[in-house]
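Remarks on the structure that follows.
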Amino acid sequence: GAVVSQHPSRVICKSGTSVKIECRSLDFQATTMFWYRQFPKQSLMLMATSNEGSKATYEQGVEKDKFLINHASLTLSTLTVTSAHPEDSSFYICSARKIQGRTEAFFGQGTRLTVV
Amino acid sequence: ILNVEQSPQSLHVQEGDSTNFTCSFPSSNFYALHWYRWETAKSPEALFVMTLNGDEKKKGRISATLNTKEGYSYLYIKGSQPEDSATYLCAFLNRDDKIIFGKGTRLHILP
């Protein structure tokens, strides 16, 4: 199997604080992990592609200083929402692909972020 | 602009009936088309990875077809069961390794 674990599943934070979300591939190595955001009734929007050992590639319109991505190992990528504001409240979900190639993605459980 | 459209947005089907829905995607620079099933409170799970024009894939009561020349894929569910209730996502991958998801079709199976 291919399991991706994402934590936390829900987080409520105060405006101005930072929140870190972890995405781990538990039983495979993932050179590439992806971070998505989903607004209500919208599709999953790719925020950034995270490559192990190098800087993340951000999609147009996504602030790299706002959404810090670190992919320090082949099994862990983190997304930090810095100085969170209520408009950052959303559903964030990660996915990973196996090292072998462009196969299907394996998703984490997602994180519901609420900034108050 | 790359656009992936899924229709219908929502669907109610009587248990035992068969159903199908559509994913439309760009017909140029195509690499692969993925279908995922996303059940409430769970992670999206891959159903099919389709790469060749004319591909037909089947998993139990669920099957999918692919037409890359006209840019559409159909997902079929035969004899719907309550456990089929979920959101079905399609995702288009191009040769630049860019992935675009549709908004999904939310399927409700009525007992």
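When B:GLY54, B:GLY104 are screened for being on the phi > 0 side of the Ramachandran plot and surrounded by 14 or more Cβ atoms within 10 Å (Cβ to Cβ), only B:GLY104 passes. If you check A:LYS41 against the conditions, is it within 28 Å of B:TYR88 (Cβ to Cβ) and surrounded by fewer than 16 Cβ atoms within 10 Å (Cβ to Cβ)? Yes; evaluated as a whole, the condition is true for this residue.
The requirement of being of a type in the set (S, T, N, Q) and either within 14 Å of chain B (Cβ to nearest Cβ) or in contact with a Gly (Cβ under 7 Å, 6 or more places away or on another chain) (or both) is fulfilled somewhere in segment A:57-73, by at least one residue. Looking across segment A:6-30, just one residue is more than 14 Å from the chain's Cα centre (by Cα), modelled with pLDDT under 95 and buried (at least 16 other Cβ atoms within 10 Å of the Cβ), and that is A:PHE28.
When residues in segment A:59-116 are screened for being touching a Cys at 6+ places or on another chain (Cβ under 9 Å), more than 17 Å from A:MET47 (Cβ to Cβ) and assigned to a loop (DSSP other than H, G, I, E, B), 1 of them pass. Within segment B:60-72, residues that are free of Cβ contacts under 8 Å to residues at least 12 places away in the same chain reach partners that are crowded, with 18+ Cβ neighbours inside 10 Å with beta carbons closer than 8 Å, at six or more positions or on different chains, in the pairs B:THR65/B:SER73. Once segment A:1-45 is narrowed to residues that are in contact with a Cys (Cβ under 9 Å, 6 or more places away or on another chain) and of a type in the set (S, T, N, Q), the residue that is farthest from A:PRO86 (Cα to Cα) is A:SER5.
The values are calculated or read from the model by the stated rules, or taken from the named source; none is laboratory data. On a predicted model such as this, the values are computed, not experimentally measured, just so you know. Cβ sites come from the backbone with ideal geometry, for glycine too, and all protein chains shown count toward neighbours.
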